[in-house]
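Beneath this line is the structure, given in structure tokens, with notes to follow.
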Amino acid sequence: MARQQQANLARSPGVLTEAIVMLLEFSSTRTGEQVAQERAVAALEQALEARRSRIMLSGVLIDWLQWWVVVLLIVLVLVMIAMSHIDNRGVCALSLFFVATALAASLLLLMAYDQPFNAGGFFLRPTLLKEIVAN
């Protein structure tokens, strides 16, 4: 979002702002209405804060140099384990398998959190939000 300039923090979404203004202008007479009004305003403020967080998160990226360092460290760890267990091939294979699996899981998590809203197949789609707005 932030990289493609589709959304920014300077302008707030008109629909949410409009909804907050309408709720605050509503004069409630009963306590149940007042509680509902307060909760609705709090929920809309929470939605605005979530939007701000998403926009800020979308601009945070891991630099390519950092990716290369992580991959280099993975290779170095695997080579070190292979060298230390070279005399016993069974232990070497087992150690390499366990460490490679752990490193692959770590790399996958880094990739997923590098771009949480557009990360190589991991997408968070706003389908539920669209359904709520449609109703």
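Bear in mind these aren't lab numbers, they're just calculated from the coordinates by the rules spelled out. If you're wondering where the values come from, they're calculated on a predicted model, not measured in any experiment. Cβ: placed from backbone, ideal geometry, glycine included. Neighbour counts: every protein chain shown.
Rounded to the nearest 0.05, what FRET efficiency do Ala82 and Ala112 have when you use their Cβ-Cβ distance and R0 = 35 Å? Each step should come with its number before you reach the end.
On the way: r = 28 Å, r/R0 = 0.80.
Given R0 = 35 Å and the Cβ-Cβ separation, E is 0.80.
Give me the distance in nm between label points sitting 7 Å out from Cα along the Cα-to-Cβ direction at Val91 and Glu131, one decimal.
5.5 nm
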